[in-house]
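A short write-up of the structure that comes next.
The values are calculated or read from the model by the stated rules, or taken from the named source; none is laboratory data. Note that the structure is predicted; figures quoted are calculated from it, not measured. When we count neighbours, we look across all protein chains shown, and the Cβ atoms used for this are built from the backbone with ideal geometry, even at glycine.
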Amino acid sequence: MKNKILILACLLAGLSGSSYSQEKFSFELYAGPSQAFLPYELIPRNDFITPSNEPQYHFGSTFLWGLKNDWQLIAQLEFFKRELGTYGISRAIDTLQITGYSTHGIPLIAIGARKSWSNFFFQPSVSLMRSPSDLDGYDRGQIWNDIPLGVISISDLGLGVRVEGGYKTYNRRGNYFLAGLRYQKGLILMDQMNAAIRYNERLEHVLSAKSRGSYLGMFLGYGINGHNLKSFGSRAPKRLYNDNKLLKHDLSIENGLYAMLYGGFRRRENPLSYDSPYTNMSGQFQAVVGYNYNRFSIESGYGNFSYNANYQIDFDGVEALIIRWEHFDMPVIPVTFKYHIPLNGQNTVRFGSSFSTYFGLRDQSKSWFFSRGSGSVEFDQKRYEYTSVEATDRNLRHGRFVFNAGVFAEMSVFNSSFLTVKLSRNFASPDFVKLNANYLIEGVPVSVESFGNLNGFLLDVGYKIPLKVLNRKLKQQSKSTI
């Protein structure tokens, strides 16, 4: 079955590549919020604990081939995310430690058809999903009251039916923006998520949710008609096709203020040998305002970094017998300097370097926790019993400044703004958190120290829009002087 999926994906890629020269081919990228449908069970029942199913996101791409009478054959590649957690209703002096799951994106392939009526469309399809159970290592191998914790695979593959509808608005080149709603109904039970819930540091409940891959989503996207793909890479950018577009492009590269959003992932320094996105990856975002002057720019605003003090314990020849996830976040004020070099005469592609300083807004040393627990891990038909005591170091004092250096590339989009890809590295970050953990595994004491900081390599994607482009009066004045 896995080979069939691979063959199908290759056929889709081949069809898309061969269809670039066809007028009836189009390609879409989309993303948006989504809400998973998960039936819950709390074991044992507790009316003071409420399951949490927070909205998440989905994104993907659609390949379309024209048929007759406004019908199109569609193929989609998509990822969607789900989350499981709990809320506790208790006295203020009590502590409810929440343990939940945010699984990796569930990949799927969908095949269907689209019917259009003017700018409206309706699209039914059938999807084939891949269970994420082999991707999610949270609490894997641990057992509580004979209940295995973590994401338990029921079926490696899932099947779903999908319906979606929306509206498209076209520009002069035949490309278009689209927005709509999508619903997917899963037909096969793929996995069961058993999340440990700890009250006053004791594991007392398990929140169990079963997933068939059902969800409801909203999406925004952008579609490109196949005839426009043939002109990609030509010497003179054909998207600058009228005076209004030229004016917006000229304003976008002039000196002045701009607004920008960043988002991406960071791989931690000194990664754990048990390598998975949960153990070694964290996310970050920034919202900034900057000023561009010739080839230089400076920007500042607000950002937030997630980081972790995860650790693993190797025991009895078993790598990562115990994995502990401890996540934190640090809000920051960034100050970034950039130098960029145009790579063509139209100034539509730039390459440059950047240097940033981040000032941490939170004194993490004022927050601390203490955890005492017990559990078991089963590996290769052998069970390991353990007890643990874990606490943050209350005597740790840390600085506030973190530094970053990297390179970036910018490409003009819509003749008025820029899409940015940035590769960089955080360095000289203080340790914001220090964890001291003491385990007793089958009577053998094991001690662990783990630190959390912001060092590591980052990959960010950003969108920048110069504010002059949004100034209607300035555009009218510039147009009158042409």
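Quick test of your reading of the structure: F418 fulfils all but one of (1) of a type in the set (F, W, Y); (2) in contact with a Leu (Cβ under 8 Å, 6 or more places away or on another chain); (3) crowded, with 18+ Cβ neighbours inside 10 Å. Name the failing condition by number.
Tallying (1) of a type in the set (F, W, Y); (2) in contact with a Leu (Cβ under 8 Å, 6 or more places away or on another chain); (3) crowded, with 18+ Cβ neighbours inside 10 Å, F418 fails exactly one: (2).
In the set T99, T103, which member is modelled with pLDDT under 50, touching an Asp or Glu at 6+ places or on another chain (Cβ under 9 Å) and either assigned by TED's automatic domain parsing to the domain that holds M190 or over 20 Å from I152 (Cβ atoms) (or both)? Outline the logic, then answer.
Values: T103 fails: modelled with pLDDT under 50.
The unique qualifying residue is T99.
Filter region 347-379 for residues that are among the small types (G, A, S) and either within 30 Å of V206 (Cα to Cα) or assigned by TED's automatic domain parsing to the domain that holds L149 (or both); which is nearest to the chain's Cα centre (by Cα)? Explain how you work it out, then say what you get.
Keep residues of region 347-379 that are among the small types (G, A, S), which gives 352-354, 356, 360, 365, 367, 371, 373-376.
Adding the requirement that they be either within 30 Å of V206 (Cα to Cα) or assigned by TED's automatic domain parsing to the domain that holds L149 (or both) leaves 367, 371, 373-376.
Working: S367: 27, S371: 29, G373: 31, S374: 33, G375: 31, S376: 32 Å.
Once the filter is applied, the top-ranked residue is S367.
Could you please give the count of residues in region 284-305 that are closer than 29 Å to F370 by Cα and either loosely packed, with under 14 Cβ neighbours inside 10 Å or touching a residue at least 40 places away in the same chain (Cβ under 8 Å) (or both)?
Just the residues of region 284-305 that are closer than 29 Å to F370 by Cα, to begin with: 284, 303-305.
Next, only the ones that are either loosely packed, with under 14 Cβ neighbours inside 10 Å or touching a residue at least 40 places away in the same chain (Cβ under 8 Å) (or both) stay: 284, 303, 305.
Residues that pass the stated criteria total 3.
Take residues that are modelled with pLDDT of 80 or more and surrounded by fewer than 18 Cβ atoms within 10 Å (Cβ to Cβ) and tell me which of the strands (runs of 3 or more DSSP E) falling wholly in region 41-96 contain 2 or more. Write out each step before concluding.
On the way: elements: 49-52, 56-66, 71-80, 83-88.
The qualifying strands (runs of 3 or more DSSP E) are 56-66, 71-80.
Collect the residues in region 411-460 that are of a type in the set (S, T, Y) and closer than 24 Å to M330 by Cβ, keeping them in residue-number order.
First, pick out the residues of region 411-460 that are of a type in the set (S, T, Y): 412, 416-417, 420, 424, 429, 439, 447, 450.
Within region 411-460, T420, S424, S429, S450 qualify.
Can you tell me which residue in region 184-200 is farthest from D156 (Cα to Cα), limited to those that are at pLDDT below 85 and crowded, with 20+ Cβ neighbours inside 10 Å?
I197
Could you list, in sequence order, the residues of region 324-346 that are under 22 Å from the mean Cα position of the chain (by Cα) and either buried (at least 19 other Cβ atoms within 10 Å of the Cβ) or not in a strand (DSSP E or B) (or both)?
R324, W325, E326, M330, V332, P334
Mind checking which residues of region 23-78 are under 25 Å from the mean Cα position of the chain (by Cα), farther than 30 Å from Y176 by Cβ and of a type in the set (D, E)?
The one that is under 25 Å from the mean Cα position of the chain (by Cα), farther than 30 Å from Y176 by Cβ and of a type in the set (D, E): E54.
I'm trying to understand the selection: among the residues of region 369-384, which are surrounded by fewer than 16 Cβ atoms within 10 Å (Cβ to Cβ) and out of contact with any Leu (no Cβ under 9 Å at 6 or more places or on another chain)?
Within region 369-384, F369, F370, R372, S376, E378, D380, Q381, K382, R383 meet the criteria.
Under 6 Å by Cβ, and 6 or more places apart or on different chains, what pairs join a residue from region 432-450 that is free of Cβ contacts under 8 Å to residues at least 12 places away in the same chain with one that is part of a strand (DSSP E or B)?
Partner pairs satisfying both residue conditions: S447/N438.
Name the residue that is farthest from G345 (Cα to Cα), counting only residues in region 226-264 that are surrounded by 17 or more Cβ atoms within 10 Å (Cβ to Cβ) and at pLDDT 85 or above.
So, considering only residues that are surrounded by 17 or more Cβ atoms within 10 Å (Cβ to Cβ) and at pLDDT 85 or above, the one farthest from G345 (Cα to Cα) is G264.
Which ones in region 385-407 are among the aromatic types (F, W, Y) and surrounded by 14 or more Cβ atoms within 10 Å (Cβ to Cβ)?
Our first condition is that a residue be among the aromatic types (F, W, Y); within region 385-407, this holds for 386, 401, 403.
The answer is Y386, F403.
Does region 433-449 contain at least one residue that is modelled with pLDDT of 90 or more, surrounded by fewer than 21 Cβ atoms within 10 Å (Cβ to Cβ) and within 24 Å of the chain's Cα centre (by Cα)?
no
Give L203, L181 a once-over and let me know the one that is modelled with pLDDT under 85 and either of a type in the set (A, V, I, L, M, F, W, C) or surrounded by fewer than 16 Cβ atoms within 10 Å (Cβ to Cβ) (or both).
Numbers: L181 fails: modelled with pLDDT under 85.
After ruling out the rest, the residue left standing is L203.
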